[in-house]
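Just so it is clear, none of the values below were taken in a lab; they were calculated from the coordinates. All of these numbers come straight from a predicted model, not from anything done at the bench. Reconstructed Cβ throughout: ideal geometry from the backbone, glycine too, with neighbour counts over all protein chains shown.
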Amino acid sequence: MFNDRTETIQIIRELEIPVVPLAELAQTTSPRISEFVKGRGMNREVELRVIRAVAQVKKVWQGYQIKLPIVPLDAFQRALHNLEFQERLDGAEDLYARKAALEAEIKRRELAHAAEPIRSAVSTTNRANGVLDAVGSNQCSAHSVRYPPSA
């Protein structure tokens, strides 16, 4: 709680957010903003509105990399809405890219899994061909095979 307030006060000072427009955005009065910055006690609801308003100002100013005017509020709210919409679009593009990558990986694994019996059959065939080749080339000696086993 206290940490949010101190961070917000620091942001107000660093960004030099004007008090009157900030008060209008936070739906409070400018003396309340001054009390907030001075660290005086105040209603928690008002404090949360000021914190939210400062976060919105910071988001818009950093997102557009320019200090857009806070007043008129409807223009500022549209700028905030457009920025949030763009973030959602960017997030959706990331999701589609991740989805495509996951689908490609699943397809690769399915193909690898489906090819496993083929690899096994080829391996067995190669072993059988090797035995047949060895027999055909007389690499097997009569001494290595005993029929029937000697007693």
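May I ask you to verify whether Thr8 is out of contact with any Gly (no Cβ under 9 Å at 6 or more places or on another chain), hydroxyl-bearing (Ser, Thr, Tyr) and in contact (Cβ under 8 Å) with a residue 24 or more places away in the chain? Write out each step before concluding.
Numbers: out of contact with any Gly (no Cβ under 9 Å at 6 or more places or on another chain): yes; hydroxyl-bearing (Ser, Thr, Tyr): yes; in contact (Cβ under 8 Å) with a residue 24 or more places away in the chain: yes.
It is true that Thr8 is out of contact with any Gly (no Cβ under 9 Å at 6 or more places or on another chain), hydroxyl-bearing (Ser, Thr, Tyr) and in contact (Cβ under 8 Å) with a residue 24 or more places away in the chain.
Report yes if some residue within region 37-58 is under 13 Å from Leu15 (Cβ atoms), surrounded by 11 or more Cβ atoms within 10 Å (Cβ to Cβ), charged (D, E, K, R) and touching a residue at least 24 places away in the same chain (Cβ under 8 Å); otherwise report no.
Yes, that holds for at least one residue.
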